[in-house]
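Here's the structure we're looking at; comments come further down.
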Amino acid sequence: ITQLLEVTNLSVSYHTYAGEVQSVRGISFDVKEGETLAIVGESGCGKSVTARSIMGLIKPPIGEIKLSSEIRYRGKNILTFTSKEWAYYRGGESSIIFQDALTALNPTMTIGDQITENIFAHEKISKKAAVERATGLLEQVGIPDASKKLKSYPHQLSGGMRQRVMIAIAFACNPKLLIADEPTTALDVTIQAQILDMIRSLQVKKNTSVMLITHDLGIVANIASRVIIMYSGRIVERGSSDDIFYHPKHPYTIALLRAIPKLTDKSKEKLYSIEGRPPDLLDPPKGCPFAARCPYCMNVCVEANPESFDFGLGHTASCWLHHSQAPKVEWSI
Ligand code: SF4
Ligand code: MG
């Protein structure tokens, strides 16, 4: 399997009146051709900033990608792309679906024009062929009466339908890389499942790599081949779906697993939630970023950022509990 995207030592800061917020702090990962990689973490962990970096949406002078960072798409560093290369890459080779379709869509343009506009930006094809493709796309994302719906405006559609339109736009140019940033968060549970199924079937048909970004570890179980857990701008654990769900090694991952609502929970019992808040990234702690919330916190944790411990086959976790001299702890989920 070849690598489509390779992110190396990505660091991103935002310059605010209060100072420099270090949103992403030196993360590295790759995305392989055709796979689904999930990036999971609470809001503010840096997952959306990572997505925006890959799409070239970090705008200086407020946003800054540090010079040591590299984002290679098919071996080429996109951070050195010319504007022509960006135009080819963004929306064509790669595309993104956001959580809120209503703000991402243009309220003054019909659905049909928004889909064909993206096609024309990347391909030289006739108006007729573009409209035909747009109709086909709407059918594929399960929008009834597709040729009629092309003439609708975003506000005339329900939230679920708008999200389908976003998916149609995102797939319009057969992207190799699709980033889905909380694509179902605003939707109710049954529609969430339909939307994820839809992304999945288009992905398989077109051999697209998908980066699924979410705060909800529960939705990635049956979808992602690999999972990255982010906390406080860092990757704290990564592994296959099985590693993460059945052999988690980081206390934060365990907390996220406990926060997944169980299908068997018929009671309105309060969901487990993680006490406390992530650290302030204006002034990140020198030790483990999870220390203030971690039930297993040791002295070393506040003194030094944990190294990454390797469990084989790409499963790693940054937690001092895996040091040979740490006390053994047992947990259940
Ligand atoms: Fe908890 Fe320490 Fe592990 Fe951090 S390094 S997650 S504080 S045990
Ligand atoms: Mg976000």
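No lab work stands behind these numbers, since they all come straight from the coordinates. Just so we're clear, the structure is a prediction, and the values are computed from it rather than from any experiment. Using ideal geometry, Cβ is built from the backbone for each residue, glycine included, and neighbour counts are taken over all protein chains shown.
Couplings 3J(HN,Hα) of the stretch 280-294, computed from phi: 6, 7, 6, 8, x, x, 6, x, 5, x, 8, 3, 5, 10, 8 Hz, in residue order, whole Hz [Karplus 6.51 cos²θ - 1.76 cosθ + 1.60, θ = phi - 60°; x for Gly and Pro]. For the pair A304 and D100 in one chain, pulling the backbone fully straight at 0.36 nm per residue adds 69.6 nm over the alpha carbon distance. Per residue of the chain, the DSSP helices (runs of n ≥ 4 H) give a summed -39500 (n - 2.57) that works out to -8500 deg cm²/dmol at 222 nm.
Considering only E182, E117, E42, the mean-square fluctuation computed in a Gaussian network model of the chain, springs between alpha carbons under 10 angstrom, is largest for E117.
The ranking of V131, V236 from fewest to most other beta carbons within 10 Å of each one's beta carbon is V131, V236.
Working note: Karplus 6.51/-1.76/1.60 with θ = phi - 60° gives the stretch 81-87 the couplings 4, 7, 5, 5, 5, 4, 4 Hz, where Gly and Pro are set to x.
Seen against the Cα atoms of the chain and their longest principal axis, helix 127-140 is set at about 50 degrees.
The number of Lys pairs in the stretch 11-84 with C-alpha atoms less than 17 Å apart, excluding pairs fewer than 8 positions apart on the same chain, is 4. Any chance you could check the Cα centroid distance between the stretch 51-95 and the stretch 155-176 for me, in angstrom? If we compute the Cα centre of each part, the gap is 23 Å. In this structure, the amide hydrogen of R226, modeled 1.01 Å from its nitrogen in the peptide plane, lies closer than 5 angstrom to those of T36, A38, S241, counting only residues at least 5 positions away or on a different chain.
Cβ crowding within 10 Å, taken as a proxy for footprinting-reagent exposure, orders L102, L137 from fewest neighbours to most as L102, L137. A Gaussian network model of the chain, with springs between Cα atoms under 10 Å, assigns the largest mean-square fluctuation among I167, I223, I125 to I125.
Charge tally around L37: other residues with Cβ under 9 Å, Lys/Arg +1 each, Asp/Glu -1 each, net 0. Listed values for the stretch 164-179 are Karplus-derived 3J(HN,Hα) couplings in whole Hz (6.51 cos²θ - 1.76 cosθ + 1.60, θ = phi - 60°), namely 5, 4, 4, 5, 4, 5, 5, 8, 4, 10, 6, x, 8, 10, 10, 9, and x replaces Gly and Pro. For the chain, the longest principal axis of the alpha carbon atoms and the long axis of helix 111-122 meet at an angle near 80°.
How would the stretch 201-333 be classified by its alpha-carbon gyration tensor: rounded, prolate or oblate, with rounded meaning a/c under 1.5 and the a/b versus b/c comparison settling the rest? Prolate shape, in that a/c is at least 1.5 and a/b is the bigger ratio.
Residues considered: A87, A224, A18. Largest GNM mean-square fluctuation over the chain, using C-alpha springs under 10 Å, is found at A18.
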